[in-house]
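Please read the structure below before turning to the comments.
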Amino acid sequence: MDIIGIDLGTTNSVATVYTDDGLKHISFDGDFLLPSVVNVGSNGVIVGIKAKNMAMIEENNTAISIKRLMGSDTKITLNGKKFTPEEVSSFIIKRIKETTEQEMGMEYKRCVVTVPAYFNENQREATAQAVKLAGLEILRIINEPTSASIAYGANRDEDILYGIYDLGGGTFDISIIENSQGVIEVLSTTGDNRLGGDDFDEKLSTLIWKKSGFDIPLTNKLKIKLNQLSERTKVALSTEESVDIDEKFFATKDGEPLHLNLSVTKEEFENLIEKDIDRTVELLLETIEESNSDIDEIDAIILTGGSSRIPLISHKIFEKIGKLPILIEDPDKSVSIGAILQGAIIDGEDIDSILVDITPYSLGTSTLDNNYSFDLKLSKIILKNTSVPTSKTSRYYAVSDFQKMFEIDIYQGEDEEELDENVKIGDMLLEVKEPVENGAIDITFSLNQDGMLSVVGREINTGEIINGEFKTIISKSTKHSEVKKIDILNEHDKIIISKIDRVLDSNILEEDKEDLRELKKKYISAKSEDDKASLEEEIIDSIFFLEDAITDGV
């Protein structure tokens, strides 16, 4: 089966394939987690842990947490070239495709890719474009908590009503799922696309920097190093009451090294993120209510996503719900597992499950508030939590006789009175060839199983079908000409060596040059990839410190 299940994450991505021997998670540089980090150099693109390492010494050529920019018109400049978020994401998917083919020894042409449930049309369109740019056919875009529910509920015989609490690196989703006789039905879902482990890292970084007492500017380079340290500290605090941080040569001031030596307690960390966790529990309660279920009817709350390991989450949910949540088996892998199982179902494999998903938001168009006002409001056509695929029609009347043109602005959101509180996701222009005196049009919104929208209009007096072309904001604004030609580099020895040589040519102390030459010699002669990876970390730390010293004027 030439299908890859892809969990395209903010912090890390995961890929799973379906084989005759069962599911297999693809390995990237010795780990099934592929850091969603992209470094663009003159020779090509590096994706993953090596790009994450390079971020500390090539911050202007490295993109981190690109998923948070998906669906926007932001351009990212890397190595002097401008890229769209979907182009940068396509490099991650391309790395996944190439590594999968190398590991499995066959070509992979198709994929099921996951997105946060609360991704809007532009974000879904951007994801679809990224997949296509990477050279894969997209079989299905599936919501992340829905995908986790497939991993949890596939082939389960018992009837169960449960919540999927999915807290990842950059996004949070919560869905209420009913599993009955092999049918996995999503009853309600909501989320927050700006809440996740990255936010916790940022808050922890601020605390660590404050406790350091360093009286120096916090540069972009230092922010990246500090965030990576904060991420490791956060993970440790899930199992430890406190973490001692001892980082030699963390920074420099006036040419002198600054050592970072301090402790962070679990209590301090939990105080930083408590309001964020409370917010997720509030959304959980809202989603239960929207599913028309009582708390007592919920059989379980299932935790998934790497950030859901934080103990405070279980404590808060138990406090509000009265049920101790269950951490899903392989929380980092469950979304990609669900994706490949959905791919297997599409491909006709014998997996005794049927998925019924929903739209997590309402979709509609702007209309005049009344005949005597030019104020606009949202007229909903497809309501939140409607099962997909679906098609709904609403009728709208012309504001003038013999009106020929109808401009349709399409919005996502729930606020019917304040139009600006919703998100405009696109527009279309409908032209009536034979306008009538009292014109009216029926607007039909159709959502497919990927949550992708199409719009058709019909003039009701003449029956004329008006196939205006609905364009998302992202599809109108982006062109991708050169990105497919850029190679993904699996080997980047030359880049590391060139960085060493550049520092050796600078005005650092001779004793530092000797140390760096020795590291270079060891790196070139390293026999194993593990030895090389360990040396690479040491080299990057050295370059980081020495470049910082050069900037300081040593």
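Pairing residues of segment 510-525 that are within 10 Å of Ile539 (Cα to Cα) with residues that are not in a helix (DSSP H, G or I), at Cβ distances under 9 Å and at least 6 apart in sequence or on separate chains, gives Leu516/Ile508. As a summary of the residue check, Lys81 satisfies the conditions (1) closer than 30 Å to Ala148 by Cβ; (2) open to solvent by 30 Å² or more (accessible area, probe 1.4 Å) except for the one numbered (1). Counted as qualifying within segment 413-512 are the strands (runs of 3 or more DSSP E) with 2 or more residues that are among the small types (Gly, Ala, Ser), namely 440-447, 453-459. Checked against the criteria, Asp369 does not count as over 25 Å from Ile460 (Cα atoms) and open to solvent by less than 80 Å² (accessible area, probe 1.4 Å). Considering segment 30-59 alone, what residues qualify as being within 18 Å of Gly169 (Cβ to Cβ) and open to solvent by 30 Å² or more (accessible area, probe 1.4 Å)? Residues satisfying the conditions are Asp31, Phe32, Leu33, Ile49, Lys52. Annotation for segment 62-72: no member residue is of a type in the set (S, T, N, Q), out of contact with any Phe, Trp or Tyr (no Cβ under 8 Å at 6 or more places or on another chain), buried (at least 20 other Cβ atoms within 10 Å of the Cβ) and at pLDDT below 95. Here Glu421 fulfils each of the conditions (1) touching a Leu at 6+ places or on another chain (Cβ under 6 Å); (2) surrounded by fewer than 18 Cβ atoms within 10 Å (Cβ to Cβ) apart from (1).
Need at least 1 residues that are under 30 Å from Asp487 (Cβ atoms) and at pLDDT 95 or above per element, so show me which strands (runs of 3 or more DSSP E) inside segment 134-224 make the cut, counting only ones lying wholly within it.
On the way: elements: 137-143, 160-167, 172-180, 183-192.
Once the strands (runs of 3 or more DSSP E) in segment 134-224 are filtered for at least 1 residues that are under 30 Å from Asp487 (Cβ atoms) and at pLDDT 95 or above, what remains is 137-143.
Of all residues in segment 424-435, those satisfying the criterion of being surrounded by fewer than 16 Cβ atoms within 10 Å (Cβ to Cβ) and either under 23 Å from Leu453 (Cα atoms) or among the β-branched types (Val, Ile, Thr) (or both) are Leu429, Glu431. Residue count for segment 340-359, restricted to those that are in contact with a Ser or Thr (Cβ under 6 Å, 6 or more places away or on another chain) and either open to solvent by 50 Å² or more (accessible area, probe 1.4 Å) or at pLDDT below 90 (or both): 1.
Quick one: which residue in Leu161, Leu133 is touching a Lys or Arg at 6+ places or on another chain (Cβ under 8 Å) and surrounded by fewer than 24 Cβ atoms within 10 Å (Cβ to Cβ)? Show your work before the answer.
Working: Leu161 fails: touching a Lys or Arg at 6+ places or on another chain (Cβ under 8 Å).
Sole residue among the options that is touching a Lys or Arg at 6+ places or on another chain (Cβ under 8 Å) and surrounded by fewer than 24 Cβ atoms within 10 Å (Cβ to Cβ): Leu133.
Listed by first and then second residue, the pairs linking a residue in segment 125-138 that is under 18 Å from Ile346 (Cβ atoms) to a residue that is aromatic (Phe, Trp, Tyr), with Cβ atoms under 8 Å apart and 6 or more places separating them unless they lie on different chains, are Thr127/Phe119; Leu136/Tyr108.
Checking each residue in segment 115-129 for being open to solvent by less than 10 Å² (accessible area, probe 1.4 Å) and farther than 12 Å from Ile93 by Cα picks out Val115, Pro116, Ala117, Phe119, Glu121, Asn122, Arg124, Ala126. Scan segment 80-96 and report the pairs whose first residue is free of Cβ contacts under 8 Å to residues at least 40 places away in the same chain and more than 9 Å from Ala134 (Cα to Cα) and whose second residue is basic (Lys, Arg) and open to solvent by 10 Å² or more (accessible area, probe 1.4 Å), with Cβ atoms within less than 9 Å and a gap of 6+ or a chain change. Correct list of pairs: Lys82/Lys75.
Restricting attention to segment 261-316, the residues being outside any helix (DSSP H, G or I) and either without any contact (Cβ under 8 Å) to a residue 12 or more places away in the chain or in contact with a helix residue (DSSP H, G or I) (Cβ under 8 Å, 6 or more places away or on another chain) (or both) number 10.
The values are calculated or read from the model by the stated rules, or taken from the named source; none is laboratory data. Predicted model, so just to flag it, every value in this text is computed and none were measured. Backbone-built Cβ (ideal geometry, glycine too); neighbour counts: all protein chains shown. Each accessible area value is taken on the protein alone, full model and side chains, heavy atoms only, with ligands, DNA and RNA left out. Shrake-Rupley method; radii C 1.70, N 1.55, O 1.52, S 1.80 Å.
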